[in-house]
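Each remark here refers to the structure printed beneath this line.
The values are calculated or read from the model by the stated rules, or taken from the named source; none is laboratory data. Predicted, not measured: the structure shown is a model, and the values here were computed from it. Note: ideal-geometry Cβ built from the backbone for every residue, glycine included; neighbour counts use all protein chains shown.
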Amino acid sequence: MPDLPTTTHGLIRFDEVRATGREPELAAALAGGRVIRVRRGVYATAADPSQPGVSAGEHDTNRYLTAVRAAGETLRHPVFTSFSALALARLPIHGRWPTEIYVMSSGPQGHRRAGVTSVAGSYDPAHGVEDLHAVTSLEFTLIQMCRHATMAAAVVAMDAALRAPRFGPGRPRTTMTAVRAEHERLLPYRGSRRTEAVLARATEQADTPLETVGRLVIEELGFEEPELQHELWLPELGRRAFLDFYWRSVDAGGEADGRGKYLGRANTAERAASAVIAEKERENAIRRQLRAFDRWDWAETLERSPLERRLTAMGVPRTRRRRVRLVDAPDAPAARSRNSRRPA
């Protein structure tokens with residue numbers, strides 16, 4: 001890869017290349033597939049899709065983040081919002097990131113052209129900075145996600161922003177009070193009912209996107225709403241455990257992690273073995289505290305029927321009617337179709 005001039009974020013601007021007389025090197029890198037065009041006049045090093053340890057979802061996240069950064073190099077004083085501000089804030093979603101870039105309009109009306117959606121400037125949100133780019137306040141960004149994203153994508157983002165670390169330092173990125181205050185400030189606005197539907201489901205107690213998605217699938221299937229992060233004392237281990245899901249009516253608990261929790265961040269065979277033993281001891285101690293306990297992973301959650309069988313076997317009652325799908329496949333678009341008639 002030629003040592004072409006790059007921006008702070010590693011992007012290659014054509015005007016900088018031309019200023020140094022290195023257009024032939026850029027052309028050769030493009031022809032050889034080492035560089036790709038991200039946006040008119042902006043290029044980036046081509047990602048290796050087979051790079052070990054990087055999932056398809058991570059590649060997609062990096063692809064969209066690069067596209068937003070490239071837009072920051074070409075648009076005139078953009079203030080990013082919705083998906084674009086969320087990507088700059090490094091908050092997760094469920095589903096595939098869009099190709100569309102979302103910014104605030106310089107005028108009172110919103111519009112959409114050339115892959116850029118402009119949100120009406122009349123909303124007058126507070127501004128901040130993420131990743132060296134101007135963005136709308138996180139509360140306004142999340143409300144735009146409720147308007148533009150699928151239910152699962154919006155709830156995953158909202159939960160991640162509200163989450164307060166249970167151990168160690170750290171604060172939530174925002175609070176439910178702050179998001180609701182922004183929602184009230186903006187009323188009435190188009191899509192407010194979708195925002196209310198997301199806020200009704202959001203929580204600061206979801207540790208991972210899988211927990212959020214699992215909660216939505218449990219709702220889809222009509223099972224009783226669980227308590228989240230239910231605390232247990234494990235006397236034989238001298239420690240506490242927090243269950244992702246707990247149904248007090250049947251004294252049953254569940255965890256949405258599957259095999260991942262067994263391995264954690266172990267990077268050697270010895271550490272992996274120790275992690276498996278420690279987690280198995282924890283699981284056995286939990287089982288001795290409850291009438292029923294089970295765990296499930298991403299595949300079992302998204303397939304629905306394995307999770308449904310587990311909950312039924314634990315005796316979790318169905319107290320809600322089944323719902324239309326709230327969660328799509330992880331590779332489905334996270335952006336809500338403009339023609340969608342799915343109810344909030």
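Pairs, please: C-beta under 6 Å, at least 6 apart or cross-chain, first residue within 17 Å of His230 (Cα to Cα) and in the stretch 196-210, second β-branched (Val, Ile, Thr) and outside any helix (DSSP H, G or I)?
none
Only one of (1) surrounded by 15 or more Cβ atoms within 10 Å (Cβ to Cβ); (2) part of a loop (DSSP other than H, G, I, E, B); (3) modelled with pLDDT under 95 is not met by Thr203, so which one is it?
Single failed check for Thr203: (3).
Those residues that are at pLDDT 95 or above and surrounded by fewer than 21 Cβ atoms within 10 Å (Cβ to Cβ), I need them from the stretch 55-65; list them, please.
Asp60, Thr61, Asn62, Arg63, Leu65
Of all the helices (runs of 4 or more DSSP H) wholly in the stretch 225-344, which have at least 2 residues that are modelled with pLDDT of 95 or more and of a type outside the set (A, V, I, L, M, F, W, C)?
Filter on the stretch 225-344 gives 298-303, 305-313.
What number of residues in the stretch 112-122 are under 25 Å from Ala152 (Cα atoms) and not in a loop (DSSP other than H, G, I, E, B)?
Residues of the stretch 112-122 that are under 25 Å from Ala152 (Cα atoms), as a first pass: 112, 115-120.
Subsequent filtering for residues that are not in a loop (DSSP other than H, G, I, E, B) retains 112, 116-119.
Here the count works out to 5.
Just to be sure before I move on: is Asp3 farther than 30 Å from Pro172 by Cα and either free of Cβ contacts under 8 Å to residues at least 24 places away in the same chain or in a loop (DSSP other than H, G, I, E, B) (or both) in the structure I sent?
yes
Please state which one of Pro24, Pro108, Pro52 is out of contact with any strand residue (DSSP E or B) (no Cβ under 6 Å at 6 or more places or on another chain), exposed (fewer than 14 other Cβ atoms within 10 Å of the Cβ) and in a helix (DSSP H, G or I).
Selected residue: Pro24, the only one of Pro24, Pro108, Pro52 that is out of contact with any strand residue (DSSP E or B) (no Cβ under 6 Å at 6 or more places or on another chain), exposed (fewer than 14 other Cβ atoms within 10 Å of the Cβ) and in a helix (DSSP H, G or I).
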